[in-house]
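Since the structure comes first, as structure tokens, the remarks are kept for the end.
Each reported figure results from applying straightforward, stated rules to the coordinates on display, with no laboratory input. Because the structure is a prediction, the values reported are computed rather than measured. With ideal geometry, Cβ positions are generated from the backbone for all residues, glycine too; neighbour counts draw on all protein chains shown.
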Amino acid sequence: MFSFCSDPETLGTVRWFACYLTTGKHMSLYWSVLTVLSLLAITAPAALAFGFFGAMSARSHVLPLRWLGKAYIAVVRGVPDIAFFLFFVIALDQAFEWTRHQILCPDWTDPIRQGNDFIVCDAAKLPLSSAAQWVHEVYGFFLAVLTFAIVFGAFAANVLFGAMRAVPRGQLETAEAYGMTRRQTFWRVLVPQMWLYALPGLSNLWMILIKATPLLFLLGVEDIVYWAREMGASANRRFTDYPHGDWRIWYFLALLVFYLSFTRVSEIVLERINRRLLHGQATVGGGSR
Amino acid sequence: MSCWQTVQDYGLRSIGIGERLLPKTDFTLCQHFTLIGSGLIWNIYFGVLALIIGFFIASAVAVGKNAQNRAIRKASEWFIFVFRGSPLFIQFFFAYFLFLKLKQLGYATFLTSAQAGALIVLILNTAAYSGEIFYGALRAVPRGDVEAADAYGFSGWPRFRRIMWPTMLRLGWPAYTNEAIFLFHATTLVFFSGFPTWKQQGDALYYASYFADKTFNPFVPYPILAFYFIILTLTIVWIFGRINKRLNRHLPEERRKKLRIRPNLIR
């Protein structure tokens, strides 16, 4: 990175660290922070969408749909989330490949599950075996996002379901008295008002989501945990210009500090938003200002 | 091989009793159920011990956060912030490498095993989460109760032990039940986070993922795992419900707080 980095052995401590922390591998670490942030940026709205549909179906008047919504909320929350991560990554992949197999290779006769193997025709493989490396990585990331969205969608559904019930009954009755249909009442009265009641739960969920991002590591994405383990391990003089002992404890300490500051900043921002939303509302918190 | 034979061979496999080698091919449904159930022993071990020990630390932390003394208050606040503000997964990793360092220096060598090291992390973690719950409950203890205690001549430790602590538990109990459920869920992280699995003696999720890796079929082991955990959750809810009833036994029927489980707080 810097011009004086050509011979690390001769450097003083400060310059050595300046060079060490800007090696190519460390750049990958900094990029993986962006991976985590983009996962958050994509997952949060996706989970919210899943949650919205989950909550909508849980309060639907159609019985099977209601059962489906409630089962989605109950099952995902009753089982450890990490089990779902491990499950969905394989299950989704196989579901996609199976669907493509049925469409693309209708004349294939062999069974897909042969003993311990899952075999689909070449054209149905995802991604195609001829695809470039980045396609594989993007596909893996996509599966991770979908998994996160499904799991946290259930938590969001729970929050939104509660928020929809918390909107005062009188508001809905007024809407009905004005002759609005059920659909109009839902979209014009219930949905705009529920966010206030949903916000504490959703802020909590955001914190949970932040704290769940290191689990990306288990899904096979090269995230910060992966790189911290990789680079913290003792580096031998033969393979690198920057030999050092087992530094994994310091890398994970850095991750700990990163997450602590991230949650702290989120807490402060969410507190601000909450205060702004409460402003002017006829509640205990809003009345005092 | 009959199913009963499998249960005898693998029922206690996770704690090292029975057949040494795990099944390699031709997995039966019975083997799935037996091994994953066997792994559940560790989840219960971690969960129960962390809950019991963490409970007392949590009470202390809650009182500490409510203390007049600034140093004690700040220490409790930081303890809660560090353990609630960072992912448990990272805490496990950090603790493992910390214990590894200690081991290299010759101290406390047993801490690098999951059974001791991960347990400590779980205890501290649940102590922080429950400490925050209990702190909230402690602040909600009705002023009248405390004044009545003062009038009867209670003070210091007896006042806390006989009046404030039971009320704090009663008020915080529904939230604490949630915490207990999620603590048991969190125990599945142990063997996926640095802590090594010794002789393939892992927890329920460890065996479930073992089967999923070997058969490349996630649709059997994970639902079995889910089945076990739902039963575990229902058991916890039942036990905590009994305790809740006892904590509320002096109240008139309509003022008793029913235990409503709203699991929306995870780590």
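Each label point was placed 7 Å from the Cα along the Cα-to-Cβ direction; for residue A:21 and residue B:146 their separation is 4.6 nm. Applying the Kirkwood pairwise sum to the alpha-carbon positions of chain B produces a hydrodynamic radius of 20.6 angstrom. The Stokes-Einstein estimate for the protein assembly as shown, based on a Kirkwood radius over Cα pairs and taken at 4 °C with 1.567 mPa s viscosity, is a diffusion coefficient of 49 µm²/s.
The residue A:41 and residue B:78 beta-carbon pair, evaluated with R₀ = 22 Å, returns a calculated FRET efficiency of approximately 0.15. For the pair residue B:4 and residue B:102, a Förster radius of 35 Å applied to the C-beta separation gives a FRET efficiency near 0.20, rounded to the nearest 0.05.
Can you give the Rg/Rh ratio of chain A, where Rg is from the C-alpha atoms and Rh is the Kirkwood radius? Expressed as Rg/Rh, it is 1.08. Working note: Debye formula, equal point scatterers on the alpha-carbon atoms of segment B:9-68, no solvent; log10 I(q)/I(0) at q = 0.15, 0.19 Å⁻¹ is -0.58, -0.73. With q set to 0.17 Å⁻¹, the log10 of I(q)/I(0) for segment B:1-151, from the Debye formula over equal scatterers at the Cα positions, is -1.02.
If R0 equals 60 Å, the separation of the Cβ atoms of residue A:136 and residue B:68 corresponds to a calculated FRET efficiency of about 0.50.
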